[in-house]
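The structure under discussion appears below in the form of structure tokens.
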């Protein structure tokens, strides 16, 4: 198999793991519905930063470390689930309103979404599983310098995250405009998104521990 075919196969696997609904996708959706496209895109930016770090980890062998030290997996799984459940609980408890997107408060919200998006991606167990299960199959000396291959795969990861999550943020943000005149529907949408985050977190932890 040539290098081009190798990259195509990697892209198919990468797209599959990103488009499957999970904590990252639900986090972007929640921020887009409650804060608009700008906050959703900020969350996407944070997740993209996390994706870049994951790619770097894969290049330096952190995936192999977790493969040979599986005792690290369950603590990571529980920490990731707990953090996402906390964000979801905060959404459920908050008084969610939809207003303008200008001013310092909106900037702070976007920055918070960016930071939380990065942390969400970094503690997502699916990403670590993808790294140690897939990267060793595609980073091969036969295809040239390993660092160049890692940079290309990292760029593909970031671009795919932007296309999928960024598109979701814009679509959900536009739908949010329909909620401006209906505060009750806005609160329901935000709290439903929070509930989904909590449910996804619980399911992720349960499924991971059950199959460990």
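Assorted remarks:
- Taken over the stretch 1-20, the criterion of being over 16 Å from residue 128 (Cα atoms) and touching a residue at least 24 places away in the same chain (Cβ under 8 Å) is satisfied by 3, 6, 7, 9, 11, 19.
- Checking each residue in the stretch 128-166 for being modelled with pLDDT of 75 or more and within 24 Å of residue 86 (Cβ to Cβ) picks out 161, 165.
- Among the residues making up the stretch 1-60, those that are outside any helix (DSSP H, G or I) and over 16 Å from residue 140 (Cβ atoms) are 20, 21, 22.
- Filter result for the condition that a residue is over 30 Å from residue 3 (Cα atoms), modelled with pLDDT under 75, part of a helix (DSSP H, G or I) and touching a helix residue (DSSP H, G or I) at 6+ places or on another chain (Cβ under 6 Å), over 185, 118, 110: 185
- Lone unmet requirement of (1) modelled with pLDDT under 85; (2) within 17 Å of the chain's Cα centre (by Cα); (3) within 14 Å of residue 40 (Cβ to Cβ) for residue 194: (3)
The values are calculated or read from the model by the stated rules, or taken from the named source; none is laboratory data. Not measured: the values here are computed from a predicted model. Positions of Cβ are backbone-derived with ideal geometry, glycine not excepted, and every protein chain shown enters the neighbour counts.
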